[in-house]
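Colleague: Can you read through this structure? Questions will come right after.
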Amino acid sequence: MVALILTIIGMPPNFPNHKKHKLSPKKWTLDNFKKIDLIGVTFLLGASVLMVTALEEGGTQYSWRSAITLSLLILAFVLMFAFIFWERYQEKRDSLQEPVFPWRLATDRLAMGLFLYVSENRTTASHPLLILTATPSSPAPP
């Protein structure tokens, strides 16, 4: 929520084209707020928070087979699937709201390839080597 407020305050008016056109700044009104896909934001935020909580607490404070860890993971996956279906629905319907994740990005091979490469490259490439060469006195991987 704080990030959303800071984005609203800090984003220049007419953002993608703010350097091309010298228009008068637009005021934030209720009509502009209605464009935000609050249901999609809620699904995505809930899934992310539940997934991170389950992965952080699983194996440390709670066992991986505990009811708390499993319920957090199951709810995270349910919310993630709800987010995907909601965004697909948002893209198909004629609405004032703009989807959080435009479906055209999911069907574009280049965009999805770049997304997967950037999000997984660091952990996939570096952590197995760091784990294999780790000693009890070595620092934790970044």
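Colleague: Just want the ordering: Val49, Val2, Val118, from fewest to most Cβ atoms lying within 10 Å of their own Cβ.
Modeller: Fewest to most other Cβ atoms nearby, the residues stand as Val2, Val118, Val49.
Colleague: Quote to one decimal, in nm, the extra length available between Thr42 and Tyr117 on full extension: 0.36 nm per residue of separation minus the C-alpha distance between them.
Modeller: Stretched fully, the Thr42-Tyr117 segment lengthens by 24.4 nm.
Colleague: Related question: Return Asp94, Asp108 ranked ascending by Cβ neighbour count within 10 Å, so the fewest neighbours appear first.
Modeller: Ordered from fewest to most neighbouring Cβ atoms within 10 Å, Asp94, Asp108 come out as Asp94, Asp108.
Colleague: Going 7 Å from the Cα of Thr29 along its beta-carbon direction, which residues of region 93-109 have the amide nitrogen within less than 14 Å of the resulting point?
Modeller: Counting backbone N atoms under 14 Å from the label point, the list is empty.
All of the numbers you see were taken from the coordinates with simple rules; none came from a lab. Quick caveat: nothing in here was measured; it's all calculated off a predicted structure. Reconstructed Cβ throughout: ideal geometry from the backbone, glycine too, with neighbour counts over all protein chains shown.
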